[in-house]
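Structure first, commentary second.
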Amino acid sequence: MNFNTKVIHGGQHHESATGSVNVPVFLTSTFAQKSPGVHSGYEYSRAANPTRQALEDSLASIENGARGLAFGSGLAAIDCVLKLLNPGDEIVAVDDLYGGTYRMFTRLFEKYQLKFTFVNFDDASKIVDVITDKTKLIWIETPTNPLMKLVDIKAVVEIAKGKDILVAVDNTFATPYLQRPIDLGADIVMHSATKYLGGHSDVIAGALIAKDAELGEKLHFIQFASGGILGPHDSYLVLRGIKTLALRVQRHSENGMAVAKYLESHPAVAQVIYPGLESHPQYELAKSQMKDFGGMVSFTFKSGKKEDAVKFLEKVRVFTLAESLGGVESLANHPALMTHASIPAEKRAELGITDDLVRLSVGIEDAEDLIADLEKAFS
């Protein structure tokens, strides 16, 4: 199947008892058995639930993986990956991370003797110097949050080859419509399914997709043993969102480009960070690795003042000042005060997450209305 067909039909089957075209929401914790230990494939919903299974099969299909798993949040999914590791193992991670991921790495898992090294992946060869015989995981975001840096997935996979190192990619910003890391050699794909996969800002969810069945089974055991599953109703909402993923992300990308070009020409704007602009330092990589460029745009003010960013954000009306991203509605965010506040100020400054940085999640409204709203907010 091609992608636009996969999001609707990939891994899906009509419900066997009634022929229902849509998977029912199985609101049950347990399942009847014919004899002790003899069942229809479902015993207890922490292990498996038919609604969650339909979502997990869809996730595997759209990312071209062997096994999909659905979690109660994106962070629950990351937690599951880290539990593959043992005390003393080392992880190399991209330095420009979502604040919640950085918080989990440094404030939760470091105390269990996992060592994290954060590296600028602009040049993938930089990671060679920090890989040791204890390195077991390379963690990538591409594009990164919020500075929209790209990582050459193929190059990182090539560096890790033959070293018993897993390569995991947070594909939340790109979505499988724009980029499929498993096709580029990655072992694990992670999503905050709250964002583009769900797409309507009405569910908190996470996802993992494993490249091979053996790794998928290891991750499923951790999910089952730790309990970070997604409930059946939320599973249904994400599955419904996936059906329109291609249409939505195409429109997000069109609007993202229109907003980025508008911002690039505005006299109050110092820098626009969007992979689809030729001014982006990794524009050529974006063209080769991604189908299109998505709906996430960041920018800074020529004044460099936090006050200007805050004033701008207080005046938007079509855009909503809120955390999160990837919904049909446009959202505006101040990373230093909101999504990345958990990263120490000195670390933010080192990365370039300045106090005048604004991150936009460009929705699927009419682009003209979005640009008019931004113009009023600048005034």
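The values are calculated or read from the model by the stated rules, or taken from the named source; none is laboratory data. Computed from a predicted structure; not experimentally measured. Because the Cβ atoms are built from the backbone with ideal geometry, glycine has one as well, and the counts that use them run over all protein chains shown. Note: accessible area is taken over every heavy atom of the protein model, side chains too, but ligands, DNA and RNA are not part of it. Shrake-Rupley method; radii C 1.70, N 1.55, O 1.52, S 1.80 Å.
So that you can scan it fast, the table gives a plain yes or no per residue for (1) open to solvent by less than 70 Å² (accessible area, probe 1.4 Å); (2) closer than 27 Å to ALA246 by Cα; (3) within 25 Å of the chain's Cα centre (by Cα):
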| position | (1), (2), (3) |
| --- | --- |
| ILE8 | no, yes, yes |
| GLU15 | yes, yes, no |
| SER40 | no, no, no |
| GLU43 | no, no, no |
| ALA60 | yes, yes, yes |
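What number of residues in region 316-337 are without any contact (Cβ under 8 Å) to a residue 24 or more places away in the chain and open to solvent by less than 50 Å² (accessible area, probe 1.4 Å)?
1
So the check is Cβ under 8 Å with 6+ separation or different chains; which pairs have a first residue in region 257-274 that's modelled with pLDDT of 95 or more and a second one that's part of a loop (DSSP other than H, G, I, E, B) and among the β-branched types (Val, Ile, Thr)?
Taking only residues 6 or more apart or on different chains, the pairs are VAL259/VAL362.
Which residues, taken from region 119-158, are touching a residue at least 12 places away in the same chain (Cβ under 8 Å) and part of a helix (DSSP H, G or I)? Full working, then the answer.
Of the residues in region 119-158, the ones touching a residue at least 12 places away in the same chain (Cβ under 8 Å) are 119-122, 124-125, 127-128, 130-132, 134-158.
Across region 119-158, the qualifying residues are ALA124, SER125, ILE127, VAL128, VAL130, ILE153, LYS154, ALA155, VAL156, VAL157, GLU158.
So which residues in region 182-234 are under 20 Å from ALA47 (Cα atoms), assigned to a helix (DSSP H, G or I) and open to solvent by less than 60 Å² (accessible area, probe 1.4 Å)?
LEU215, GLY216, LEU219, HIS220, ILE222, GLN223, PRO232, ASP234, listed by residue number.
Search region 22-38 for residues being under 19 Å from ASP234 (Cβ atoms) and surrounded by 13 or more Cβ atoms within 10 Å (Cβ to Cβ), and hand back the single one that is farthest from the chain's Cα centre (by Cα).
It comes out as THR28.
If you check GLY19 against the conditions, is it within 23 Å of ILE138 (Cα to Cα), over 19 Å from the mean Cα position of the chain (by Cα), not in a helix (DSSP H, G or I) and not basic (Lys, Arg)?
No, not satisfied.
Have a look at PHE116, PHE105 and point out the one that is farther than 23 Å from GLY295 by Cβ, outside any loop (DSSP other than H, G, I, E, B) and either open to solvent by less than 10 Å² (accessible area, probe 1.4 Å) or out of contact with any strand residue (DSSP E or B) (no Cβ under 9 Å at 6 or more places or on another chain) (or both).
Criteria check complete, one pass: PHE105.
Quick one: how many residues across region 119-162 are under 29 Å from VAL297 (Cβ atoms), open to solvent by less than 80 Å² (accessible area, probe 1.4 Å) and in contact with a strand residue (DSSP E or B) (Cβ under 9 Å, 6 or more places away or on another chain)?
Residues in region 119-162 being under 29 Å from VAL297 (Cβ atoms), open to solvent by less than 80 Å² (accessible area, probe 1.4 Å) and in contact with a strand residue (DSSP E or B) (Cβ under 9 Å, 6 or more places away or on another chain): 20 in total.
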